[in-house]
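Inspection log for the structure reproduced underneath, given as structure tokens.
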Amino acid sequence: MDDKITAAMMGDANMGNKKILDVTCGSRTMWFDKNHPAALYCDKRRITYKRYWKSGDGKSERDCTVDPDVLCDFTALPFPDNSFPLVVFDPPHLTGAKETAWLVKKYGKLDESWPQMLHDGFAECMRVLKPDGTLIFKWSEYDIPARKVWDAIGQKPLFGHHSGKQSRTFWGCFMKLDMQEGGK
């Protein structure tokens, strides 16, 4: 196992210059710099799909690679409390798609226990967030409206923004305020 993974799995407080934790990095599609030096990328899978989709020119085929720094489930993060000033949480959002669908392969899928899973994942994000730290939560309302997600996690974002062609993607900003220490 490489040193980065070992240090994180053991809860080593010395995580170098890593100030940003992406707990569901997938193929890092939302990142402009997919290898940002201040970010630590997590996902529960490591896989490459060869010739997965056509490139913009429609002629060449591209691979889809999920290659996190740390293999872990976002509901049980292997980091100490209060470790990161910025956490990014972009969990799977599909419930009805088939396992063979390209979106499921690329982003994952939620099962019927999704409210508890998102609740637990959000609690873990808040636990590893430093006091006064920021959590950016990205959600696609393709199958589940954002209001149901806020109900499941027990709070609403401080503010946010809808984006995308049909305004189905919601970006929400949370902050670990003093009254929320310990993920509450």
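The listed residues are D90, D132, D69, D81, and the only one of them that is acidic (D, E) and free of Cβ contacts under 8 Å to residues at least 60 places away in the same chain turns out to be D132.
Okay, residues lined up against (1) crowded, with 18+ Cβ neighbours inside 10 Å; (2) of a type outside the set (A, V, I, L, M, F, W, C); (3) touching a Leu at 6+ places or on another chain (Cβ under 9 Å):
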site: A76; (1), (2), (3): no, no, no
site: V88; (1), (2), (3): yes, no, yes
site: P91; (1), (2), (3): yes, yes, yes
site: E99; (1), (2), (3): no, yes, no
site: K106; (1), (2), (3): no, yes, no
site: C125; (1), (2), (3): yes, no, yes
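Checked against (1) crowded, with 17+ Cβ neighbours inside 10 Å; (2) in contact with a helix residue (DSSP H, G or I) (Cβ under 9 Å, 6 or more places away or on another chain), A146 meets all criteria but (2). Scanning the range 147-162 for residues that are within 18 Å of the chain's Cα centre (by Cα) and under 13 Å from F137 (Cα atoms) yields V149, W150, I153, Q155, K156, P157, G160, H161, H162. Filtered by the rule that a residue be in a loop (DSSP other than H, G, I, E, B) and at pLDDT 95 or above, the range 121-154 gives a lone residue, G154.
Considering the range 155-174, and only residues there that are of a type outside the set (G, A, S) and part of a strand (DSSP E or B), the residue that is surrounded by the fewest Cβ atoms within 10 Å (Cβ to Cβ) turns out to be F159. Exactly one residue among T95, T100 is touching a helix residue (DSSP H, G or I) at 6+ places or on another chain (Cβ under 9 Å), of a type in the set (S, T, Y) and part of a loop (DSSP other than H, G, I, E, B), and that residue is T95.
The values are calculated or read from the model by the stated rules, or taken from the named source; none is laboratory data. Keep in mind the model is a prediction, meaning the values are calculated, not measured. Cβ coordinates were reconstructed from backbone atoms using ideal geometry, including for glycine residues, and neighbour counts include every protein chain displayed.
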